[in-house]
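To start, the structure itself, in structure tokens.
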Amino acid sequence: MFRLLEDMVDPYGSYPETDVPPTRLWPFIRDYSVPFRKVFALTAATSVVVAAVEVGLIAYMGRVVDLLTGPPAQVWANHGTEFIIVALFILFIRPVLQALNVGLLNNAILPNYGTLYRWRAHRHVLRQSVGWFENDFAGRIANRIMQTPPAAGEVVFQAFDAITFSLAYIVGAAILLTDADPRLLIPLAGWLLLYGILMRWTIRRVGPASQAASDARSAVTGRVVDSYTNIHSVKLFAQDDTEVRYAKSAIEHARQTFNVEMRIFTVMDVSLVALNGLLIIGVVGWAMWLWSSGSATVGVVAAATALALRLNAMTGWIMWALTTFFRNLGVVAEGMQTIAQPIAITDDPGAPDLKLTEGRIELKGLTHHYGRESGGLENLSLTIAPGEKVGIVGRSGAGKSTLVKLLLRFYDPDGGQILIDGQDITKVRQDSLRLAIGMVQQDSSLLHRSVRENITYGAPHATEDQMLAAARKAQAHDFILDLQDPEGRSGYDAEVGERGVKLSGGQRQRVALARVILKNAPILVLDEATSALDSEVEAAIQDTLYGMMEGKTVIAIAHRLSTIAHMDRILVIDDGRIVEIGSHDELLAKQGLYAGFWSRQSGGFIDTEAAE
């Protein structure tokens, strides 16, 4: 039975993926709810039936009170069969209806609805560009991905468990009172009017207050995670107190926003108690007055009293359910600030895969300023021949890394284009482009997974022997065999910690090199690939690096001359433009900017900061 309910909707089913999701709340929720339409309809129907049964039982209790005024023997003789049928209904049919309603909510909807939200939101966010991630806290993004699905699930739960049920219940109560005496509707109608006013007051305030509180909690998460992620810097500079103060300001803001939210609930609760007093006195008192004038039976008074007390008990739950409903809508709205943002860098519909035949790279009038007026690249043009090895050097901020980011299409250029074998990289699938490029970065952070998973990340279908061969070429095999994590996993099964924190910088770099060696992409980008290695290890893998370059088109960014001195050509970039180009010897002979870097080198590094 449980499995049948749980399998009614597949949260991982295919769906029309869009680069521009709905940005308004209800269209957004409706879009995510499409797979649940039939389940929602069935759940709403069962909620109405359950509410009708509850009202019917109260009405029947009034009938029982009236029937019991006669002689017991006659009552049993005339109505015994009826009592037994009702008893059987209460014992067997009513639980089945309730079980179906609860099962649809708890087993068919809640687990799958939240899972669908989390799955689709995570897929959407992963498609965002690197620049998009660079503009926000990773912690805040993750917090929104995690808190939006349960909030959306709670919205649906309250819609059927409370709102649909309560509406059906109130309609049934009105029918019951009308059937007993239409005049009993007067106090109920007056109470409903005041209740609606209170509800409107609460809802108008709780949604924005909840969204503000949710945003404040996400900010706290972002700041705390930022401190934990950079814990080495925190400890290195003895800035524990600074981080505590940094977090405290966000925590205090979260407390203040939560205070505003809770004040609304306090006013609501106190007002509700006063309103419910009016409901009890109005309905029960009116029923008693009708009885005293002979217009109503004792059964009517009993049914009206039971109904009023039941509504009194329900109103707090209904109001809380409604505020929870709108409160969670606020959380969803806050989460939409992340998971409903359009994808900035997209593939054209039907974009083909990159067809790499030679490895020729052409940069034509390439311009990019990150939305600013300066920085980045300015009208840069360059052709890199197939199999050519090009070194790039320049001051910090000159545009070296910008060129690489544009080549990988982490950003789209403001102007100009990049062609690989004659194909504009903005017109081919991004995944196919990046699969054709192997890159070793200066800061080679690793995934918090095993060494094996990190090395095979670029070639998931590689064999064990291929993976081991790549590790040996990167001079990583020996130290990997000595690794052991706190859970007792060792060697290639040992986990490396978040961003590879359990490894030294040189060890991380060698694992990253092994990953690129195993990927064996036809275009190779080295961004300070040996910066974290000591001279002995660098010398040991120098032949490996040159072996990696064989037959590939190579772009190498470096401050260490040992990496770029033997390149076919060296480019000097300054202020976003190529200012010098040639071989190592040719550039030295020019006595220009590169020669100035060379003359100020120290320990194999070019002092690009001091050079003029």
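General remarks:
- Each Cα pair under 8 Å and six or more residues apart adds its separation to the average, and for region 103-254 the resulting relative contact order is 30 percent.
- Among the trypsin sites (Lys or Arg not before Pro) found in region 281-358, those both in a DSSP coil and sparsely packed, with 15 or fewer other Cβ atoms within 10 Å of their Cβ, are Lys355.
- For a modelled paramagnetic label at Arg3, 7 Å from Cα along Cα-to-Cβ, no residue of region 82-105 is in reach, as no backbone nitrogen comes under 14 Å.
- Solvent-accessible area of the chain (1.4 angstrom probe, protein heavy atoms only): carbon and sulfur portion equals 58 percent.
- Accessible area per residue for region 79-162 is 45 Å², calculated with a 1.4 Å probe on protein heavy atoms, without ligands, DNA or RNA.
- Rolled with a 1.4 Å probe across the full set of protein chains, the surface gives Lys473 an accessible area near 110 Å².
- Histogram of C-alpha separations across region 108-217, 5 Å bin width, %: 2, 9, 12, 14, 14, 12, 10, 8, 7, 5, 4, 2, 1, 0
- Relative intensity, log₁₀ I(q)/I(0), of region 36-121 from a Debye sum that treats every alpha carbon as a point, q = 0.13, 0.23 Å⁻¹: -0.59, -1.08
- Relative contact order (percent, whole number), the chain, Cα cutoff 8 Å, 6+ residue spacing: 14
- Folded to 0 to 90 degrees: helix 185-229 orientation relative to the chain principal axis, Cα: 20
- The Cα-based radius of gyration of region 364-426, divided by its Kirkwood radius, gives an Rg/Rh of 0.95.
- Too-long pairs where the Cα-Cα distance tops 22 Å, listed order kept, from Lys400/Lys427; Lys235/Lys405; Lys235/Lys502; Lys405/Lys502; Lys405/Lys552: Lys400/Lys427; Lys235/Lys405; Lys405/Lys502
- Label-point gap, in nm, between Glu134 and Leu110 - each point 7 angstrom along Cα→Cβ: 4.4
- Taking the C-alpha atoms only, the angle from helix 505-519 to the longest principal axis of the chain is near 90 degrees.
- Our compactness index for region 311-436, the C-alpha radius of gyration over the empirical 2.2 N^0.38 Å, is 1.72.
- Dividing the radius of gyration of the alpha carbons in region 1-159 by their Kirkwood radius gives 1.24 for Rg/Rh.
- For Arg123 and Glu464, a Förster radius of 35 Å and the Cβ-Cβ distance give a FRET efficiency of 0.70, rounded to the nearest 0.05.
- Rg(Cα) / (2.2 N^0.38 Å) computed for the chain, rounded to two decimals: 1.39
- Against the main long axis of the alpha-carbon atoms of the chain, helix 240-292 sits at an angle near 20°.
- Extreme residue, positive dipole direction of the chain, given options Leu309, Ala340, Ala138 (C-beta unit charges): Leu309
- 222 nm mean residue ellipticity, helices alone, for the chain (DSSP H n ≥ 4; -39,500 (n - 2.57); rounded to 500): -19500 deg cm²/dmol
- Charge dipole of region 188-293 about the Cα centre (unit charges at C-beta), most positive-ward option of Leu194, Ala238, Ala219: Leu194
- Kirkwood-Stokes translational diffusion coefficient of region 125-188, alpha-carbon pairs, 25 °C, 0.890 mPa s, µm²/s: 155
- Extension reserve of the Ser295-Ala52 stretch, reckoned as 0.36 nm per residue once the Cα distance is removed: 84.9 nm
- Cα gyration tensor, region 163-211 - rounded (a/c under 1.5), prolate or oblate: oblate
- Put simply, the amide H of Gly415, placed in the peptide plane, has neighbours under 5 Å in Thr367, leaving out anything fewer than 5 places away on its chain.
- Spin-label pair Ser504/Asp353, simplified geometry with 7 Å Cα→Cβ offset, distance in nm: 4.1
- For region 270-327, relative contact order (Cα pairs under 8 Å, six or more residues apart, normalised by length) works out to 39 percent.
- Extended-chain gain in nm, criterion 0.36 nm per residue less alpha-carbon gap, Val20 and Ile280: 88.4 nm
- Placing +1 on the Cβ of every Lys and Arg and -1 on the Cβ of every Asp and Glu, with nothing else charged, gives the chain a dipole about its Cα centre of roughly 1760 debye.
- Gain on full stretching of the segment that runs from Asp412 to Ala45 - 0.36 nm per residue minus C-alpha separation: 127.0 nm
- When you count the other C-beta atoms within 10 angstrom of each residue and take the mean per peptide, 27-33, 569-575 line up highest first as 569-575, 27-33.
The values are calculated or read from the model by the stated rules, or taken from the named source; none is laboratory data. Bear in mind the structure is a predicted one, so any value in this text is a computation, not a measurement. Don't worry about glycine lacking a Cβ; one is built from the backbone with ideal geometry, like all the others, and counts go over all protein chains shown. Remember, those area values only see protein heavy atoms, side chains included, never the ligands or the DNA or RNA. Shrake-Rupley method; radii C 1.70, N 1.55, O 1.52, S 1.80 Å.
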